[in-house]
């Protein structure tokens, strides 16, 4: 799926969100451990450089997975296993490959056949760090805020998050996975295009510009995902207070 095939109803909901939310401020207020805007999102920057370089060179390995797992706080890192190297041709001639652009969910399938100990969230994180121009992570906060289950706040995705052993999880066996990851990628691409067309610049930290990871002010899909994550986090907190 690409942003051209999104349902008009979803596009309308995104347009309403853009009209009512300050995406630049949502991005600026993203926070995960050391990764805050004031610090330049240092771990995200490091993981994008390392994972992206490895993806282009065809050298993605178990160590890259464990680095992402440590960043995210995934329990049971010792259970992560992967082929060496992980075989996935994400790039052609320096750009995201056509097969990935046209069906992003197929990248999830290719990785799922080679990796153990990663669920939907962390597999999407791997793609997000490898190719932020196309991919964003999808986690339980996003699914709870925009999915069909817990809150139903803004229905964009036909996915649900499920409580498992005291934690929320996106179960890979549900009907919408991994197809709805293609929808999520299309949502991110559409939102990025709309923000860029409207002249609403993304306030990237200078470190991302100087590292060549971003063009100043231009939203990539992963940047939009960070804003959505912050928005979803606020909605989940409000629900907990109710």
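Points worth noting:
- D_trans [Stokes-Einstein, Kirkwood Rh over alpha-carbon pairs] for region 135-242, 4 °C, 1.567 mPa s, µm² s⁻¹: 87 µm²/s
- Ranked list, fewest to most other Cβ atoms within 10 Å of each Cβ, for 115, 68, 209: 209, 115, 68
- Between 45, 202, 21, the GNM of the chain built on Cα springs shorter than 10 angstrom shows 21 fluctuating the most.
- When both bridge partners sit in region 3-241, DSSP labels roughly 100% of those beta bridges antiparallel.
- Remark: 204, 155 ranked as 155, 204, counting other beta-carbon atoms within 10 Å and listing the fewest first.
- For the chain, built as a Gaussian network whose Cα springs stay under 10 Å, the top-fluctuating residue of 12, 196, 125: 12
- For region 4-40 and region 147-213, distance of Cα centres in Å: 9 Å
- Normalised by residue count, the chain yields a Cα convex hull volume of 124 Å³ per residue.
- The base-10 log of I(q)/I(0) for region 17-70, evaluated at q = 0.32 Å⁻¹, reads -1.16 [Debye formula, identical scatterers on Cα atoms, solvent excluded].
- Mean separation of Cα contacts under 8 Å (6+ apart) over length of region 3-241, as relative contact order %: 24 percent
- Cβ-based exposure ranking for 16, 165, in which fewest neighbours within 10 Å come first: 165, 16
- What the pair-distance distribution of region 88-178 shows, using all Cα-Cα distances binned every 5 Å from zero, is 3, 13, 23, 23, 19, 12, 5, 2, 0 percent.
No value in this document is a laboratory result; all are computed from the given coordinates. It should be emphasised that the depicted structure is a prediction, and the values quoted were computed from it without experimental measurement. Neighbour counts run over all protein chains shown; Cβ positions are idealised from the backbone, glycine included.
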